[in-house]
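Participant: The structure is given below, and queries will be raised subsequently.
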Amino acid sequence: MKERPPFYACKVLSELGRQRVGSTLGRDVYALIALIVGMEDDLRYKGPIEIWNSTFTDALGFTPRALSAARRRAVEAGWLVYERRGTRSPGVYQTKFPDEIITCNSAPNQASITRKSAPNEPPIERKSAPNQAPIECKSAPNNASIMRKFAHPSSLEENPTTTPTEPDPFEAVVVELKSWGMTKAAEAVDAARRHGWTVDAIRRRWKQARELECADEHQPGKLYQWMTGDVRPPGSAPVPTTPDPEQIRESRILDAVKHARRLHVGEVIHRDSPQVAELLAMPASEWPAAPAPTPTRKRKPGNFQPAKPANDRRNELLDQIEAIA
């Protein structure tokens, strides 16, 4: 591979903007070329680089179909050289300038790179603004002087004193739990703190989890469930739950509908019926008693006669006709 010119990555990115690659070929092509040229710059241009497709999907959020389409457009436009050696091997990539925007003296991708202007495009002239003063670079002042210049006068002291902050005891617990094998120790400790656990309470439950008799029990996972509240620790009282007012109201409406249907048998009763509204206006203890349901008459076992088959009934009728004749 020929040696790349100085600042090759910067020149590629600059030329991508001049050629309006984002609007002509698409933003996916621009992002793909920019990522590849950046990886080439990290490797000091030692040659074509091998990149798995998963690298592009993770870094740029491409789907496999979008990656294939962007790569094909970049190759066709002359910005990329791509080679696929097999289905189970990474692709080989190398960026380059398209032939229509470079002038090659001996070999492509050398330092002599010039831009060809588009047809009917006026040449670009760079002129300095009138009456523009020369830019003078000065070293930055000391940071302390800047802070003192813009700080409030009341905050400036001759001998400022700093009070040492006490270490958080929960952070030590997080470190110990991670060394024990709990990967999400920080999340578990935060959940336990929201539930009102103290450091002593966490250590007591930790000791209890280490003393589990079941050998197949994952002790860090069990402690994590206790601390996050997914599972109630053994021996702890259940947490009292506050009933939802909306659920209480809905349950009372359903009870009123059922009681109104017992009072008014045969009528169509729904939750917006005036009978239900009348019951809801009074306490449930003052609702009128519903009449007792009338007992249904049951058929005696002896009165039941199974239906005769059609052929037997036909034969019986024929016999009666013959007897009459």
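The values are calculated or read from the model by the stated rules, or taken from the named source; none is laboratory data. Please read these numbers as outputs of a predicted model, since none were measured by experiment. A quick note on method: Cβ atoms are made from the backbone with ideal geometry, for glycine too, and the neighbour counts reach across all protein chains shown. Calculation scope for accessible area: heavy atoms of the full protein, side chains included, ligands and nucleic acids excluded. Shrake-Rupley method; radii C 1.70, N 1.55, O 1.52, S 1.80 Å.
Participant: Go through (1) open to solvent by less than 30 Å² (accessible area, probe 1.4 Å); (2) in a helix (DSSP H, G or I) for THR57 and report which single condition fails.
Facilitator: (1)
Participant: Please return the ranges of helices (runs of 4 or more DSSP H) entirely within segment 157-221 where 1 or more residues are open to solvent by 100 Å² or more (accessible area, probe 1.4 Å), touching a Cys at 6+ places or on another chain (Cβ under 8 Å) and modelled with pLDDT under 80.
Facilitator: Values: elements: 169-180, 185-194, 199-210.
Hits in segment 157-221: none.
Participant: Tell me, please, whether a residue that is loosely packed, with under 10 Cβ neighbours inside 10 Å, in a helix (DSSP H, G or I) and either touching a helix residue (DSSP H, G or I) at 6+ places or on another chain (Cβ under 9 Å) or modelled with pLDDT under 70 (or both) can be found in segment 286-302.
Facilitator: yes
Participant: Given the options THR87, THR63, name the one that is of a type outside the set (A, V, I, L, M) and either open to solvent by less than 60 Å² (accessible area, probe 1.4 Å) or within 25 Å of the chain's Cα centre (by Cα) (or both).
Facilitator: Unique residue meeting the criteria: THR63.
Participant: If you don't mind, there's one more thing I want to ask. Identify the single condition in (1) open to solvent by less than 80 Å² (accessible area, probe 1.4 Å); (2) touching a Pro at 6+ places or on another chain (Cβ under 9 Å) that GLY47 does not satisfy, given that it satisfies every other one.
Facilitator: Evaluating GLY47 over (1) open to solvent by less than 80 Å² (accessible area, probe 1.4 Å); (2) touching a Pro at 6+ places or on another chain (Cβ under 9 Å) leaves (2) as the failure.
Participant: Is it the case that TYR82 is open to solvent by 40 Å² or more (accessible area, probe 1.4 Å) and either aromatic (Phe, Trp, Tyr) or touching a residue at least 60 places away in the same chain (Cβ under 8 Å) (or both)?
Facilitator: yes
Participant: Out of all the residues in segment 16-52, which are more than 16 Å from VAL75 (Cα to Cα) and part of a helix (DSSP H, G or I)?
Facilitator: Of everything in segment 16-52, those that are more than 16 Å from VAL75 (Cα to Cα) and part of a helix (DSSP H, G or I) turn out to be GLY17, ARG18, SER23, GLY38, MET39, GLU40, ASP41, ASP42.
Participant: Looking only at segment 242-281, which residues are small (Gly, Ala, Ser), part of a helix (DSSP H, G or I) and under 23 Å from THR294 (Cβ atoms)? So that I can check it myself, show each step before the final result.
Facilitator: First, pick out the residues of segment 242-281 that are small (Gly, Ala, Ser): 251, 256, 260, 266, 273, 277, 281.
Next, only the ones that are part of a helix (DSSP H, G or I) stay: 251, 256, 260, 277.
Listed by number, the list holds a single entry, ALA260.
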